[in-house]
Structure formats: C-alpha cells, structure tokens
1. Treat each spin label as a single point 7 Å out from the Cα along the C-beta direction, and report the PHE131 to ASN272 distance in nm.
2. Quick check: net charge around MET108, other residues with Cβ under 15 Å of its Cβ, Lys/Arg +1 and Asp/Glu -1?
3. Accessible area of THR51, 1.4 Å probe, to the nearest 10 Å²?
4. As an exercise, use a Förster radius of 25 Å and the Cβ-Cβ distance of ARG30 and ASP122 to find the FRET efficiency, rounded to the nearest 0.05.
5. Helix by helix through the chain, keep the DSSP H runs that span 15 Å or more along the axis on Cα and average at least 1.0 on Kyte-Doolittle, and give those back in order.
6. Given labels modelled 7 Å from the Cα in the Cβ direction, how far is it in nm from GLU213 to LYS42?
7. Check which residues have an amide H placed less than 5 Å from ASN200's amide H, if you skip close sequence neighbours.
8. Taking all protein chains in place and a 1.4 Å probe, what share, in percent, of the accessible surface of the chain do carbon and sulfur account for?
Amino acid sequence: LPAAMAAPTPVSALVHSSTLVTAGVYLLIRFNMMLVDMIFFKFLLLLSGLTMFMAGISANYEFDLKKIIALSTLSQLGLMMSILSMGMPDLAFFHLLTHAMFKALLFMCAGVVIHMMSDIQDIRYMGGISFYIPLTSLCLNISNLALCGIPFLAGFYSKDLILEMVSMSNLNLMIFFLYYFSTGLTMFYTIRLLFYLMVNDYNLMVVYNLYEEDYVMLKSMFMLLFMSLIVGSFLSWMIFNYPYMIYLPISMKMMVIYVMLMGLFSGYLISNMKIYSINKFLM
C-alpha cells in the first residue's frame, strides 16, 4: 500500500477504490456464509486487528500526505475485516459505505492541497492552509473528524456500533486492546495532520501556488460533505432490518469517547508546534 501511494494520485485512487476494498473486503462480505465457523476466521481476526494497530502506528511517523491517508484507509480496512471475522458482515458493510463517503472527500481535499503546493506532498512543507483555502480546509477537517468518529457525524454510527459489539462479545483482552488503541491512534494522526496543515505557520519552504479555490472541485466536495454528515444515521435507519440491542455499563458505553479524548490530548501534546504563532487561523 505505501508503494502504491508513491505512484501518482489517480493510480492510488484506483488502487483504493477497486483493488483493496472491492476485491478484498466486499468479496469476503459476499462469501461470508461459506467461511463461518472455520478456524480461518479466528486467524483473520488476529491478523486484521494487528493490521489496524500497525497501520495506525505507522501513520503517526509518516510525512507524506497521501501515505497518511492511505495508512488510515488500511486501518479502517482492518476494522472492517475484523468485525467481519467476528461474524457481523452487515456492520462491516455499513462501515464500508460510511467510510467510502468521508475517505473520498479526504482524497479530494488532499488532491487540492497537493495541487496548490505545486505538487509537493510532504506535510512539513505545508502550513497555514486554512488561511488560503478555507473551504477545502473545512471539508478536510470535517472528513477527518468523521473518520475519527466524532459523535453524530457519519463515522460515529458505524464505528461506535462496531466497538460496542466488540465490547459485548466475549473476546480476550488483546483484541479489545487492539480495537480501542487503534481508535485512539486514528484520533492521534488526525490531530497531527491538523496541526501540520492548519495551525502551523505559513512556512515559505516552498513557493505556494496560492490561487483561489477550485470551484469545480468544491461542488462535488460539498456533496460529499453533506453525505458524510447525514449518511451514518440514514444508512443505520435503512439497512438494518433489526435494531442492535446493546446493553453495557456506562463506563464501557463511554469508552469510545474516552479513547477519542485521550487520542486528541496525546496528539496535541506530540505536535504542539508554535501554538502562539502569528497564524491568522488562531487570531
């Protein structure tokens, strides 16, 4: 996957849309009745949990904008595969659909940003993006927060339902830890990306191509923004033919929020870059 992200952006978008999700996750969702009660599913649960964990860790040490988005896609694919191998293919499909909305929006915003930076992908060169392309930054931030699972955005419904079904199932502590720590790591690299792109100063390491915003891109980006706001509640009302009854104590019910807050705090601590700077975003 990181080798595919070193390719040009249409190639990597094609790899994301066709190869990984369709040929991998969706095929296993279609054929999940053939695989149920096999030892392969327990092995797949272990492998996909470790995939989710390691992709979330290596996204924190990456400086390429597309590689960060690709590793977050890999982390979400690990989440889908692991909930599929726990025997809930409808939840995996629900998370696949909601994740498609905000990840497409995220790739479009990253493409606009890379094109504006005169084709430089390194996030250390960027900074102060929100002052120059505010609407693209709005779409980027909202899709990132939907990826983290901020409540009542699209990613919250699928991710929260998946994590609560994990909490209700009788799995061991390692799978539990892998799920929750990977959710915290998602928040971690999102806050890191936000600090590098938005809060950091305009740092003149590259001659910016500061044009006004691409209004052709913004039409489709606002459609995707609207979808990634409403599609979680809409699909959870439409595609489940029975409601999930989740009965948990209040501490485990709030565990997703706790993990998100811990990831937010640690991401703030690790990238507290010149927070009292003269950036127009903070004034």
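1. Roughly 2.3 nm, to one decimal.
2. +1
3. Here the accessible area works out near 50 Å².
4. On the way: r = 39 Å, r/R0 = 1.57.
About 0.05, to the nearest 0.05.
5. What comes out of the filter, once short or polar helices are dropped, is 39-59, 65-85, 89-116, 134-148, 173-194, 215-238, 255-270.
6. 5.2 nm
7. GLY128
8. Here it works out to 74 percent.
The values are calculated or read from the model by the stated rules, or taken from the named source; none is laboratory data. In this text the structure is predicted, and so the values were computed from the model without any measurement. So basically every Cβ, Gly included, is an ideal-geometry build from the backbone, and we count neighbours across all protein chains shown. What goes into the accessible areas is simple: the full protein's heavy atoms, side chains included, and nothing from ligands, DNA or RNA. Shrake-Rupley method; radii C 1.70, N 1.55, O 1.52, S 1.80 Å.
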